[in-house]
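What follows is one structure encoded as structure tokens, with my remarks underneath.
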Amino acid sequence: MSVSALVVLSALATSPAPREEAEPPRHQLSLYGRSGVTAYLSAARTQGGVGGGFGLRDTVDGRWLLQVDASGLTGLGSALAVRVGAGVQRQGWWAPAALVSLTGLFGDRLDFLTPEHPVPVAGPSVGLGVTLAPARFTLGGAQVSVLELGVGVGTDRPGLGMMYGLTLLEVGVAL
């Protein structure tokens, strides 16, 4: 065998295999930070404030979103907002999203005693609502969202409360 044949065979043996198209991952976990305002308003109580927190998101098949986050809030005392949500996003670099979320507010609040509520309402403020994120972008493994709007409804038997949310900035990184 000639030297040139040995060189060619060794080059073929050490060269990488042809690259196959990688299938996108079924689940893509990402960690995100967010800042904004959350408020719960009803005839019986007011709770919420301004703050920020962190969350974990699973993007399934590049379209479906499952997420959970917690945020520390201040303004009306100290409160903790815990949110669990599921939704859908557009695929591509511009990825607006819509989510249904259940939000609970724990901590300090203002209670109002009325004839319908002669004693303070027990437990956290809980609201079920919709969040729209029209200015959401994905670049590689990073996501950025600006001005997400959320509105929901909760119950303070008797009566209803309204949950409002405004996320000013959310930045996520794929894990």
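The values are calculated or read from the model by the stated rules, or taken from the named source; none is laboratory data. Since the structure is predicted, the reported quantities are computational estimates derived from the model, not experimental observations. Note: ideal-geometry Cβ built from the backbone for every residue, glycine included; neighbour counts use all protein chains shown. Please note that ligands, DNA and RNA were not included when accessible areas were found on the heavy atoms of the full protein model with its side chains. Shrake-Rupley method; radii C 1.70, N 1.55, O 1.52, S 1.80 Å.
One quarter of the surface of the convex hull around the alpha-carbon atoms of region 82-158 equals 6.4 nm², the direction-averaged projected area.
Counting only protein heavy atoms and a 1.4 Å probe, tell me what percentage of the chain's accessible area is made up of carbon and sulfur.
72
Rounded to the nearest whole Å³, what is the per residue volume of the convex hull around the Cα atoms of region 119-175?
Cα-based convex hull of region 119-175, divided per residue, equals 96 Å³.
Using r as the Cβ-Cβ distance of residue 35 and residue 119, and R0 as 25 Å, what FRET efficiency do you calculate, to the nearest 0.05? List each step's numbers first, then the result.
Working: r = 35 Å, r/R0 = 1.40.
The pair residue 35/residue 119 has a calculated efficiency of 0.10.
Kirkwood-type hydrodynamic radius, region 32-131: 14.7 Å, calculated from all non-identical alpha-carbon pairs. Pair-distance distribution P(r) for the chain, from all Cα-Cα distances in 5 Å bins starting at 0: 2, 8, 15, 18, 13, 10, 8, 6, 4, 3, 3, 2, 2, 2, 2, 1, 1, 1, 0, 0, 0 percent. Label zone of residue 155 (point 7 Å out along Cα→Cβ, amide N under 19 Å): in region 114-137 this covers 116-130. Site pair residue 128 and residue 91 shows an inter-label distance of 3.1 nm when each label is modelled 7 Å from Cα along Cα→Cβ. The slack between residue 171 and residue 135, meaning 0.36 nm per residue of separation minus the straight C-alpha distance, is 11.8 nm. Computed per residue of the chain from DSSP H runs no shorter than four, each worth -39500 (n - 2.57), the mean residue ellipticity at 222 nm is -2000 deg cm²/dmol.
Probing with 1.4 Å while keeping every protein chain in the model, the per residue accessible area of region 106-175 equals 58 Å².
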